[in-house]
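Step one of this worksheet: look at the structure below.
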Amino acid sequence: MTELIALITGANKGIGLETARQLGCHGMAALLGARDEARGRAAEAALRAEDIDAHYVELDVTDAKSARRVAEWVGARYGRLDVLVNNAGIAVRGGPPSETSPDVLREVFETNVLGVVTVTNAVLPLLRRAARARIVNVSSEIGSVTFMSDRSSPAWQMPASLPYPASKAALNMVTAMYAKELAGTPVKVNAANPGYCATDLNAHSGFRSAAEGASVSVHLATLPDDGPTGTLWGHLWGAPGPGQYGTLPW
Ligand SMILES: NC(=O)c1ccc[n+]([C@@H]2O[C@H](COP(=O)([O-])OP(=O)(O)OC[C@H]3O[C@@H](n4cnc5c(N)ncnc54)[C@H](OP(=O)(O)O)[C@@H]3O)[C@@H](O)[C@H]2O)c1
């Protein structure tokens, strides 16, 4: 069988590195997008030591030139792309909405929203050349307006905050609109909810592992042809057991 090609952004650590590892274990070539060469090369070496076909590619998702360079390199080497996991993300605490600076919002949106559009548009021609491409946007239940405004959900205990939740809500709409544009093509576009995972993003306070979070992206990256598109899918926080997954409300 022809090897499938997967590009994962922010793949040098956390959920992104685990996603690359798991897709590699599925037999895919894992292209590790990282903005820092030393961190990207270290991740590449770690995965290659596990016999994974891993390749570091320099990719800062906020830099359109860097996204174009990656698209050119992937096109020249493979001629197509089968999987794109838009995983790179940042979280900045902005205080309550009434004290949030637009500059902080802008910074978070640059990576979590505009970065996804930049990278997706750069590689979409390559995804269209694949037999059945999958785009996974790593979002969060924190971006679900329904979940965040439900007084009976665990989210109600969190302090009100704008930058990260609003960026993931925007990413959910970005996902829905790409899915709408690509409906009727073999490209499926879904948003992933990894659940609350212990990574650098949250000073390792999460109650799930990065590998468990990555399994959500891998599920959506390997959907069969009759699988869904235009959904937010992943860990259900309020569910009784640790392995509870399903479709979340936007
Ligand atoms: N952890 C959770 O509980 C949780 C829950 C829901 C959703 N998520 C989402 O999961 C994704 C991965 O987060 P994580 O928890 O694994 O966090 P993490 O360990 O902090 O990893 C974030 C990754 O994104 C990269 N990144 C940030 N800005 C970038 C840019 N401009 N260009 C390229 N790469 C960039 C980081 O690279 P550097 O090493 O260079 O900074 C790092 O590789 C994020 O989208 C996050 O919002 C996480």
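Read the figures in this text as sums done on the coordinates, not as results from a lab. This is a predicted model, so every value here is computed, not measured. Counting neighbours? That spans all protein chains shown, and the Cβs are built from the backbone with ideal geometry, glycine included.
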Considering only segment 5-248, percent of DSSP beta bridges that pair antiparallel, nearest 5: 15 percent
Residue 57 long-range amide H proximity, modeled H, under 5 Å: 32, 33, 34
Segment 120-239 - percent relative contact order, Cα under 8 Å, separation 6 or more: 30 percent
Amide H contacts of residue 206 (H built 1.01 Å from N, under 5 Å, at least 5 apart or other chain): 198, 199
Longest segment of the chain lacking GluC sites (Glu not before Pro) that sit in a DSSP loop with at most 15 other Cβ atoms within 10 Å: 51-250
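Return a whole-number percent for the relative contact order of the chain, with Cα pairs under 8 Å and 6 or more residues apart as the contact set. Don't skip to the answer; put the middle values down first.
On the way: 533 pairs, mean separation 45.4, N = 250.
The value is 18 percent.
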GNM top mover of 184, 94, 40 - the chain, alpha-carbon springs below 10 Å: 184
Helix 163-181 axis, angle to the chain major axis (alpha carbon atoms, nearest 10°): 50 degrees
Value of [θ]222 nm, deg cm²/dmol, for the chain, DSSP H segments ≥ 4, -39500 (n - 2.57) each, nearest 500: -12000 deg cm²/dmol
Per-residue HN-Hα couplings for segment 123-140 [Karplus 6.51, -1.76, 1.60; θ = phi - 60°; Hz; x = Gly/Pro]: 9, 4, x, 6, 5, 5, 7, 7, 5, 8, 8, 10, 10, 10, 9, 7, 10, 5
Relative contact order for segment 1-127, counting Cα pairs under 8 Å that sit 6 or more residues apart, in percent: 26 percent
Choice from 183, 88, 133 showing the highest fluctuation, given a GNM over the chain with Cα pairs closer than 10 Å: 183
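Within the set of other residues whose C-beta is less than 15 Å from the C-beta of residue 95, count the net charge using Lys and Arg as +1 and Asp and Glu as -1. Spell out each step's value before the answer.
Numbers: positive: 93; negative: 99, 103, 107.
Once positives and negatives cancel, what remains is -2.
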For the chain, the longest site-free run once trypsin sites (Lys or Arg not before Pro) in DSSP loop states with at most 14 other Cβ atoms within 10 Å are removed: 152-250
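With viscosity set to 0.692 mPa s and temperature to 37 °C, compute the Stokes-Einstein D of the chain, Rh being the Kirkwood radius across alpha carbon pairs; µm²/s, no decimals.
Values: Rh = 18.0 Å.
Translational diffusion coefficient: 182 µm²/s.
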Selected from 66, 98, 161 as most flexible by GNM, with the chain as the system and alpha-carbon contacts under 10 Å: 98
Under 5 Å, built H, 5+ apart or other chain: amide partners of residue 248: 232, 233, 234
